[in-house]
Amino acid sequence: MKLVEAKYTLAQMRNNGIMQFFDISNTNPSWPVLDLNRVSSLFYVFVSDQALSPIFLGKVLSAVVTPSAEPVPKLMLSAIFNPGNLGARLIELTKKYSSLGGGVIKDRLDPQEDWDIIRGHEMCGLHTDPEKLRKRLLRYFETA
């Protein structure tokens, strides 16, 4: 993925549209031999790879980069949009990594009491804006 001129990173498509992002960047789009199992994950989110194609440069060969085998997290946040009841709940994705039919682990998270849960999990909504994702990653790499 190209974040800006001379700043690139890697991501890996995982189960059911979930993409894994890594704590790694490079000044050019060529990668040395690398094992992603030895690189920390930043986050996992549902993505539309077609919508995000403007920031994706292409696929890296598995002969160069070994894909991650880290288990995909099954706990995510699900937005609550009921009038007068906006917020989020912690859910467990199904065996096929879908939020539809997933079990509720904790309903109505409280921003004060459940701050660690909220900070520790991603929203299960589909990410379709390449600019928001690019800015999020760039902000991480600039401040890490």
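Any read-out appearing in this document is the output of simple, stated calculations on the displayed coordinates, not a laboratory observation. As the structure is a computational prediction, the values presented were derived from the model and not from experiment. All Cβ positions, even for glycine, are placed from backbone atoms using ideal geometry, and neighbour counts span all protein chains on display.
For the reader, a short list of remarks on this structure follows.
- Per-residue Cβ neighbour rank within 10 angstrom, fewest leading, Phe21, Phe81, Phe56: Phe81, Phe56, Phe21
- Residues Tyr97, Tyr140, ranked from the fewest to the most other C-beta atoms within 10 Å, line up as Tyr140, Tyr97.
- For the chain, lysine pairs with C-alpha atoms less than 23 angstrom apart, excluding pairs fewer than eight positions apart on the same chain, total 13.
- Nearest-ten-degree value, helix 130-143 long axis tilted from longest Cα axis of the chain: 80 degrees
- Two-decimal Rg to Rh for segment 75-119 - Kirkwood Rh, Cα set: 0.99
- FRET efficiency, Asp110 to Lys59 (Cβ-Cβ, R0 30 Å, nearest 0.05): 0.10
- Segment 12-27 versus segment 102-127: alpha-carbon centroid distance in Å: 21 Å
- Taking only alpha carbon atoms, the chain gives an Rg to Rh ratio of 0.99, where Rh is the Kirkwood radius.
- Relative contact order of the chain, pairs being alpha-carbon contacts under 8 Å that are 6 or more residues apart, as %: 23 percent
- Between Leu75 and Val33, the FRET efficiency from the beta-carbon distance, with R0 = 30 Å, is close to 0.35.
- Electrostatic tally near Phe56: other residues with Cβ closer than 10 Å to its Cβ, Lys and Arg +1, Asp and Glu -1, net +1.
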